[in-house]
1. Gap in Å between the Cα centre of segment 174-208 and the Cα centre of segment 38-57?
2. Peptides 172-184, 132-144: what's the order by average Cβ count within 10 Å, highest mean first?
3. If neighbour count is taken as other Cβ atoms inside 10 Å, put GLU52, GLU217, GLU147 in order from fewest to most.
4. Using amide H atoms built 1.01 Å from N in the peptide plane, name the residues 5+ places from ASP109, or on other chains, whose amide H lies under 5 Å from its own.
5. Could you calculate the contour length gain from ARG239 to ARG212, that is, 0.36 nm times the residue separation minus the distance between their Cα atoms, to one decimal place in nm?
6. Could you calculate the FRET efficiency of ARG75 with ALA167 from 1/(1 + (r/R0)^6), where r is the beta carbon distance between them and R0 is 35 Å, rounded to 0.05?
7. Over the chain, what is the percentage of antiparallel beta bridges among all DSSP beta bridges, to the nearest 5?
8. What are the ³J(HN,Hα) couplings of segment 204-212, residue after residue, when phi is run through the Karplus curve with 6.51, -1.76, 1.60 and θ = phi - 60°? Round to Hz, x for glycine and proline.
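Rule-based calculations on the coordinates, nothing more; no lab input. Just so we're clear, the structure is a prediction, and the values are computed from it rather than from any experiment. Glycine gets a Cβ as well: all are built from the backbone with ideal geometry, and neighbour counts include every protein chain shown.
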Amino acid sequence: MTDAPANRWSPADYAANAAFVPELGRAALALLAPRAGERVLDLGCGDGVLTEAIAALGADVVGVDSSAEMVAAARARGLDARVMDGQRLDFEDAFDAVFSNAALHWMPDAPAVAAGVFRALRPGGTYVGELGGAGNIARLRAALRAELEARGFSVPRRDPQWYPGPAEFIDIHKAAGFADIEAWLIDRPTPLPGGAAAWFKTFRAGFFDAARVPEDEIDAVAAAAEARAAPALRQPDGRWIADYVRLRFTMRKPRQCATFP
């Protein structure tokens, strides 16, 4: 999946059109149950809304994200946030827990992420969170791809996300050394306050870039893709409900890790 295009993020667009992401992530945050004094890594912290919630519970939290713009927004909250690719974590035995919400599906090298988190955790540490799961936003993705193809754009062969099922996710993390792994899918029909067009412009900016859509055509493409998605996702009262599917998980790093000759 190395040919997946990178995304780009606007903190302002994210705040306006994606506030539901950290809000819905609070259920996964409850699995973390951080204690005062624990050192926690928020992997893919975005603009720091949930990082701030972890800090408010008394934990010593570090947020990392690959987007410099989102890290700047997190730092504006007074948080310890750092620009770092989650596929290349450079921590070792540094955290009691790692949390991630709505970020791992943007990191296509899942084995590298799993290995980096394993190294970052202290023995006995926990890893919990949530990401897009198998079937996530299938109708939204299909509508945008169909519109781009109809307009003659060169659409990337693969979408820039990884949406695994539980078995695939568990196998990758078991190979990395984790124990007591649980992973399950959650169907989560999700309201889109700004409609599908705003969603496309917020969450698929990198996909537009990869397809080489001129900046002055993005609004028109997003509106046309929204029209394609409307029969499936726009409700009779005009509300938009996206076909989100989440994969939630918990696991731990064994207190004594296996050694190999």
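1. Cα centroid to Cα centroid, the span is 18 Å.
2. Output ranking for 172-184, 132-144: 132-144, 172-184.
3. The fewest-first ordering by Cβ neighbours comes to GLU217, GLU52, GLU147.
4. Here nothing satisfies the definition.
5. Details: separation 27, 0.36 × 27 = 9.72 nm, distance 3.03 nm.
Full extension of this stretch gives 6.7 nm more.
6. 0.35
7. Within the chain, antiparallel bridges account for around 50 percent of the total.
8. 10, 4, x, 5, 4, 4, 5, 7, 6
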